[in-house]
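Asker: Below you'll find the structure I mean.
Please treat every number below as a calculation from the coordinates, not as lab data. Since this is a predicted model, take the numbers as computed values, not measurements. Heads up, the Cβs are rebuilt from the backbone with ideal geometry, glycines too, and the neighbour counts pull from every protein chain shown.
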Protein chains: 2
Amino acid sequence: MSKKIPYRVVLSEEEIPKAWYNVRADMKTDHRPILHPGTLQPVTEADLTPVFCEELVKQELNVKDRFIEIPGEIRDYYKMYRPAPLFRAYFLEKALGTPAKIYYKYEGGNTSGSHKLNSALAQAYYAKKQGLKGVTTETGAGQWGTALSMACSYFGLDCKVYMVKISSQQKPYRKAVIETYGAKIIPSPSDTTNIGRKMLSDNPDSTGSLGTAISEAVEVAVSTEGYRYVLGSVLNQVLLHQSVIGLEAKAAMEKIDEYPDIVIGCAGGGSNLGGLMSAFMADRLAGKTAPYFIAVEPASCPSLTRGKFAYDFCDTGMVTPLAKMYTLGASFLPPSNHAGGLRYHGMSPILSQLYHDGYIDEARAVEQTSVFKAATEFAKTEGILPAPESSHAIRVTIDEALKCKETGEAKTILFGLSGTGYFDMTAYMQYNDGTMTDYIPTDADLQRGFDAIPKLPGIQ
Amino acid sequence: MSKKIPYRVVLSEEEIPKAWYNVRADMKTDHRPILHPGTLQPVTEADLTPVFCEELVKQELNVKDRFIEIPGEIRDYYKMYRPAPLFRAYFLEKALGTPAKIYYKYEGGNTSGSHKLNSALAQAYYAKKQGLKGVTTETGAGQWGTALSMACSYFGLDCKVYMVKISSQQKPYRKAVIETYGAKIIPSPSDTTNIGRKMLSDNPDSTGSLGTAISEAVEVAVSTEGYRYVLGSVLNQVLLHQSVIGLEAKAAMEKIDEYPDIVIGCAGGGSNLGGLMSAFMADRLAGKTAPYFIAVEPASCPSLTRGKFAYDFCDTGMVTPLAKMYTLGASFLPPSNHAGGLRYHGMSPILSQLYHDGYIDEARAVEQTSVFKAATEFAKTEGILPAPESSHAIRVTIDEALKCKETGEAKTILFGLSGTGYFDMTAYMQYNDGTMTDYIPTDADLQRGFDAIPKLPGIQ
């Protein structure tokens with residue numbers, strides 16, 4: 001107790017994990033299989049290899065290996081920005097006057113501004129290794145597009161990014177960063193795909209959605225020689241790659257003889273929370289002492305707290321396989337006043353199953369003005385201007401720390417500061433000038449999305 | 001030689017310097033004294049205390065103490081983002097095919113996006129300690145304004161930032177970051193000061209200059225109860241605070257048994273290069289083996305390479321004291337196509353004297369398209385999107401590394417990556433789309449600035 005815990009716990013380069021942790025190998029109940037959209041049968045390697053790189057398909061379907069070795073070349077690229085620091089939030093604790101000990105794993109210290117680079121590097125590496133020419137993807141808030149363009153520039157891969165049209169208009173600088181790394185941006189919906197042309201003919205003024213951008217990117221990948229599709233969240237392989245966050249966080253906490261009572265992460269598609277909780281979830285699944293896990297989502301896009309646990313398409317165009325997950329329906333769109341990311345209609349099948357089975361203890365939905373209030377409080381005390389997404393976790397962390405203040409409990413809280421908000425200043429401007437508003441969908445709003453979830457008699 | 005040098009050398013928290021290094025105590029010839037603009041006599045503590053905080057005035061005039069202790073509270077705030085990492089640029093070396101060993105000290109990993117926070121924290125601390133209500137300052141590219149607004153939010157100080165009008169228009173997001181930390185931005189020239197009103201009546205369409213913004217900020221500081229003025233570069237106190245960069249860089253290199261043959265830094269007002277070279281310049285001044293120092297500046301604002309070494313005002317309004325420095329004249333403005341910072345007409349008196357006396361070996365002016373070419377090459381290989389300012393150092397580093405490739409010499413190069421370019425994407429967009437241009441002032445252009453340098457008979 002006498003030894004002062006430093007502000008930043010930094011591991012050495014050798015302590016970067018040598019293997020990713022595959023939580024599926026430990027899950028008591030695996031998530032339901034992904035289904036082929038035509039046959040409604042579980043997808044096979046053969047079904048997926050036209051869409052994804054071969055090695056990534058293997059990872060996607062791997063339920064058996066607890067650890068999958070990280071190739072040396074990927075680890076070398078990780079060394080550009082990893083190990084990522086674990087911070088003790090002394091200044092925030094003091095400002096709150098809480099007895100809680102607050103830690104955060106900071107994944108925003110690279111130019112992509114988020115944890116997304118952890119999976120982008122892996123996916124680009126395997127694409128290059130397979131001899132591909134390039135990859136396609138979609139991006140909403142832009143963090144994934146940036147991460148992938150960076151990774152592709154390292155490996156000399158072509159990169160086409162379908163960017164939700166409204167984002168490409170509202171975030172010209174984010175677009176410029178992506179282009180600086182050599183990727184090509186296509187605002188979605190676009191006239192470069194059948195799906196995009198159909199969306200435009202139905203609604204010429206469409207500002208796009210993540211689901212549509214996914215459909216376009218997949219269509220181009222499967223129809224272009226030497227290309228595959230890559231995705232920054234939701235997939236099993238992404239949670240696998242993101243496990244480096246939790247493995248490092250646990251190792252750093254062990255160095256200072258700490259272990260979290262609560263782990264808090266924002267959840268959109270699930271890549272951040274899935275990564276952060278990985279090593280701690282391993283403890284839970286092994287029956288050991290483990291933290292209380294809280295998934296935080298926007299009240300305006302509440303897939304875990306108000307969605308259905310059902311088979312649904314992963315995209316708006318209904319070209320992707322079906323996944324059993326918490327979903328608001330592939331046609332669901334968060335309201336136009338929704339700032340930042342966390343706007344996906346579904347949730348990672350792994351996270352969905354863990355939540356369904358009670359291994360993730362709680363999901364909590366928070367409104368965006370309260371999120372930006374927490375973000376500003378964090379910035380002014382801890383210095384780092386957080387991403388809107390990560391600020392959902394900050395909101396709940398502050399709430400939990402204030403509960404500790406009331407009860408006098410000195411709980412140890414770990415949250416994921418998954419990214420910075422440097423390219424989200426429009427949202428901060430709205431908060432600063434008081435024009436930001438909240439929106440909670442009505443039950444009728446949600447019902448419209450639920451109505452679009454496919455009815456699959458006999459499949460559960 | 002067998003032990004592999006890591007990609008990042010990170011010191012421990014205890015290794016953050018406990019004292020700043022004051023190079024003036026070691027200089028063979030001190031810089032000529034700063035002169036009071038009214039009396040033309042060397043300024044005294046009493047002259048400066050209405051403008052600057054008392055403790056900072058003492059630091060400004062201190063020629064005797066080699067080391068000045070860093071107060072514990074400042075060191076605690078340094079721990080938010082320090083020690084800053086020293087990187088080995090393995091990926092850039094490989095891309096260039098050079099035998100040179102390239103290192104860079106990365107100071108952009110905090111939300112201000114630059115090294116400026118090192119001095120902002122110190123200046124805000126001393127202002128608070130003196131019981132002041134607030135501080136005023138100016139900002140051009142916006143890095144200093146961001147750093148100061150952050151530091152003031154930590155200490156609960158009011159902060160008024162005079163931002164060059166063209167910058168406040170071109171960088172709404174930079175403005176939004178500064179406002180998120182609670183500072184007030186006033187586009188300069190403004191109608192809040194006598195100088196500003198005069199500038200506007202002479203030229204209502206003025207887009208402002210750093211020199212004018214300084215005049216305005218000083219005027220407000222000296223005429224408002226409980227306020228003082230703070231400055232992010234040029235001053236002796238700023239170079240003192242920035243010495244943490246060089247002290248850490250040297251300590252990190254010692255850990256891996258390295259010592260630079262060449263130290264390269266960009267120089268606008270001098271805060272970055274002054275900081276980076278500090279501990280190495282101490283070696284030079286002590287007659288030990290020392291690096292070859294290169295100061296890099298924009299060809300469009302060439303104070304060291306083409307300026308006069310003369311007494312001049314530090315601001316356009318001619319309200320500040322006079323400093324003996326390399327100057328283009330207080331009325332000099334870089335051309336409108338000049339992107340990024342490094343646009344100040346003068347140069348730190350300390351750096352000016354060291355350059356004049358041959359302790360800084362070389363100043364080199366580079367054109368901005370070649371700078372952005374280097375910046376893009378760096379981003380695509382090393383990952384970090386560099387600030388336009390820092391990219392001047394990258395340009396020369398690449399040039400020197402390519403010379404090594406020709407000669408086969410394995411020189412050890414250290415450069416300062418003083419900041420990130422996340423809020424400078426307009427300039428990157430111009431480079432990406434081919435609309436960026438270069439401009440080298442003609443001798444006649446420069447003569448107009450030189451004509452404004454005051455004639456001071458009998459003073460040298």
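Asker: Rg over Rh of segment A:49-191, using C-alpha atoms and the Kirkwood radius, what does it come to? Write out the running numbers ahead of the final one.
Answerer: Details: Rg = 17.8 Å, Rh = 16.9 Å.
Reported Rg/Rh, Kirkwood definition of Rh: 1.05.
Asker: From the residues A:208, A:224, A:238, which one has its Cα farthest along the dipole of segment A:205-256 in the positive direction, the dipole being from +1 and -1 charges on Cβ of Lys/Arg and Asp/Glu about the Cα centre?
Answerer: Checking the options against the dipole of segment A:205-256, the answer is A:238.
Asker: Quick one: helix B:271-285 against the long Cα principal axis of chain B, what's the angle to the nearest 10°, folded into 0 to 90?
Answerer: 60
Asker: Which shape class, rounded, prolate or oblate, goes with segment A:347-460 when its Cα gyration tensor gives a ≥ b ≥ c as root eigenvalues, a/c under 1.5 marks rounded, and past that a/b bigger than b/c marks prolate? Don't skip to the end; give the middle numbers.
Answerer: Numbers: a/c = 2.19, a/b = 1.40, b/c = 1.57.
Oblate is the answer for segment A:347-460, as a/c is 1.5 or above yet b/c matches or exceeds a/b.
Asker: Expressed as a whole number of Å, what is the distance separating the alpha-carbon centroids of segment A:1-69 and segment B:51-100?
Answerer: Cα centroid to Cα centroid, the span is 41 Å.
Asker: Report the Rg/Rh value for the protein assembly as shown, based on alpha-carbon coordinates and the Kirkwood definition of Rh.
Answerer: Rg divided by Rh gives 0.98.
Asker: Roughly speaking, what is the centre-to-centre gap between segment A:323-340 and segment B:262-299 when only Cα atoms are used, to the nearest Å?
Answerer: The distance from the Cα centre of segment A:323-340 to that of segment B:262-299 comes to 54 Å.
Asker: To continue, here is another question. Count the net charge of all other residues whose Cβ sits under 14 Å from the Cβ of residue A:371, scoring Lys and Arg as +1 and Asp and Glu as -1.
Answerer: On the way: positive: A:343, A:364, A:373, A:395; negative: A:297, A:367, A:377, A:389, A:399, A:424, A:438.
Residues close to residue A:371 contribute a combined charge of -3.
Asker: Further, regarding this structure: Nearest 10 degrees is fine. How inclined is helix A:368-382 to the longest principal axis of chain A, computing both from alpha carbons?
Answerer: So the helix axis and the longest Cα principal axis differ by about 50 degrees.
Asker: Looking at this model, which pairs from A:411/B:129; B:101/B:288; A:308/A:405; B:171/B:308; A:380/B:18; A:160/B:175 are more than 27 angstrom apart at the alpha-carbon?
Answerer: A:411/B:129; A:308/A:405; B:171/B:308; A:160/B:175
Asker: For B:36, A:115, which order do you get if you count the other beta carbons within 10 Å of each Cβ and list the fewest first?
Answerer: So the ranking, lowest neighbour count to highest, is B:36, A:115.
Asker: Could I ask something else about it? Given label points at 7 Å from Cα along Cα→Cβ, what nm distances, shortest first, separate residue A:172 from the same residue in every other copy?
Answerer: In ascending order, 0.9 nm.
Asker: Next up: So for chain B, averaging the separation of alpha carbon pairs under 8 Å that are six or more residues apart and normalising by length, what relative contact order in percent results?
Answerer: 19
Asker: Taking every alpha carbon pair in segment A:60-108, what does the distance histogram look like in 5 angstrom bins from 0, in percent?
Answerer: Answer for segment A:60-108: a P(r) of 5, 15, 14, 13, 14, 13, 9, 10, 7, 1 percent.
Asker: I would also like to ask the following. Tell me which cysteines of chain B come out unpaired when the rule is another cysteine's Cβ under 4.7 Å.
Answerer: B:53, B:266, B:301, B:314, B:404
Asker: Considering the options B:150, B:441, B:392, tell which one lies farthest towards the positive end of the dipole of chain B, charges being +1 on Lys and Arg and -1 on Asp and Glu at the Cβ, about the Cα centre.
Answerer: Of B:150, B:441, B:392, it is B:150.
Asker: In deg cm²/dmol and to the nearest 500, what is the mean residue ellipticity at 222 nm of chain A if only DSSP H runs of at least 4 residues count, each as -39500 (n - 2.57), divided by the residue total?
Answerer: So the calculated ellipticity at 222 nm is -12500 deg cm²/dmol.
Asker: What is the diffusion coefficient of chain A in µm²/s, taking the Kirkwood radius over Cα pairs and the Stokes-Einstein relation at 20 °C with a viscosity of 1.002 mPa s? Show your work: numbers first, answer last.
Answerer: Values: Rh = 21.9 Å.
After rounding, the answer is 98 µm²/s.
Asker: Working from Cα positions, state the angle (0 to 90°, nearest 10) between the long axis of helix A:236-255 and the longest principal axis of chain A.
Answerer: 10
Asker: In percent, what relative contact order does segment B:74-150 have, based on Cα pairs under 8 Å that are 6 or more apart in sequence? Intermediate values should be presented prior to the final figure.
Answerer: Values: 69 pairs, mean separation 21.7, N = 77.
The value is 28 percent.
Asker: Hey, another quick one. Per 10 Å bin, what is the whole-percent P(r) computed from every C-alpha pair distance within segment B:91-133?
Answerer: 23, 26, 24, 13, 10, 3
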